[in-house]
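The values are calculated or read from the model by the stated rules, or taken from the named source; none is laboratory data. Predicted model only: the values in this text are computed from it and were never measured. Positions of Cβ are backbone-derived with ideal geometry, glycine not excepted, and every protein chain shown enters the neighbour counts. These area figures cover heavy atoms from the full protein model, side chains too; ligands, DNA and RNA do not enter into them. Shrake-Rupley method; radii C 1.70, N 1.55, O 1.52, S 1.80 Å.
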Amino acid sequence: MAGNWKMYKTAAETTRFLEQFRPLVENSRHCEIVICPPFPNLPAAVAAAQGTRIAIGAQNLFWAKEGAFTGEVSAPMIRAAGCSHTIVGHSERRQYFGETNETVSKKTIAALDAGLTPIVCVGETLEHRESGRTEAVLLDHCQGGAASLTAHQFSSTILAYEPARAIGTGKTATPEIAADAHRIIRDFARRVHGPQAAENLRILYGGSVKPDNIKSLMAQPEIDGALVGGSSLDATSLAWIVNF
Ligand code: PGA
């Protein structure tokens, strides 16, 4: 269960959130919990999560280890800050910051090289869905982001299916539509990396996940977890989702 905070919260708010959130998930042993705050809040989040099962992740990274890349942050820096995960290729990054399959792939490999678990996002837009291109877009994103990974790298990668039309809109994909997309992604994994890798692959659903729809989404055997945006900003609501 992963929370994507996007560009919300200061460091002080991060600490307050974790103080409130920690006791609420103290007994949750059924899943991994990852929270992804903005870059400047990572040290505060790592400090406040110390000694708990809550992992901290970044929302993005740059593929070079270091260099003259003003404004960028590298995987080793994120790792050194105490993070274990990073989101890669979120649809907002594809839409507003020019991310392509090529950059997603480079970032995924950079994350893995630094020992971070990448959560690689794939998913169609409304336009893609309406023109019947959902499957083609999903396969293109999977191919671009995960086909060149070695078996070992792939086994350390999490995929997240996020239909762009469901992000921040309150319009979740129905659990059945989400499960269909997850099947397409798992079939891809089977073809490229084999049946065992496909079975072990964790695929998260993201897009307007809320306390009141998590149960029906997680009832789909194809859905292994959730990548939660808006609802992850409130400790009670994220704890409810984790403990569904
Ligand atoms: P949302 O965002 O839950 O606010 O729809 C999900 C995401 O973008 O990861």
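Brief remarks on what is shown
- Net charge of the neighbourhood of residue 126, taken over other residues with C-beta under 12 Å away and scored Lys/Arg +1, Asp/Glu -1, is +1.
- Around the amide H of residue 55, modelled in the peptide plane, lie the amide H atoms of 33, 34, 35, all under 5 Å away and 5 or more residues distant in sequence or on another chain.
- Listed residues 218, 77, 7 arranged by accessible area, highest first, probe 1.4 Å: 7, 77, 218
- Length-normalised contact order for the range 2-242 - Cα pairs under 8 Å, 6+ apart - percent: 19 percent
- Formal net charge of residues neighbouring residue 235 (Cβ-Cβ distance under 15 Å; K, R +1; D, E -1): 0
- Total lysine pairs under 29 Å (Cα atoms) in the chain, excluding pairs fewer than 8 apart on one chain: 17
- Remark: the residue 20-residue 212 segment gains 67.1 nm on full extension, using 0.36 nm per residue and subtracting the alpha carbon distance.
- 3J(HN,Hα) couplings calculated from phi for the range 193-202 with the Karplus curve 6.51 cos²θ - 1.76 cosθ + 1.60 (θ = phi - 60°) are, in sequence order, 10, x, x, 5, 4, 5, 5, 6, 4, 9 Hz; Gly and Pro show x.
- Taking all protein chains into account, the per residue accessible area for the range 2-242 stands at 46 Å² (1.4 Å probe).
- Per-residue Karplus couplings for the range 223-240, computed as 6.51 cos²θ - 1.76 cosθ + 1.60 with θ equal to phi - 60°, are listed in order as 9, 9, x, 9, 10, 10, x, x, 6, 8, 7, 10, 4, 5, 6, 5, 5, 4 Hz, Gly and Pro entered as x.
- Amide H to amide H, with H built 1.01 Å from N, residue 160 comes under 5 Å of 120, 121, 122, 204, counting only residues 5 or more places away or on other chains.
- Close amide H contacts of residue 62 (hydrogens built in the peptide plane, cut-off under 5 Å, sequence separation of 5 or more or a different chain): 73, 74, 75.
- In the range 1-100, the portion of solvent-accessible area held by carbon and sulfur atoms comes to 55 percent [1.4 Å probe, whole percent, DNA, RNA and ligands not counted].
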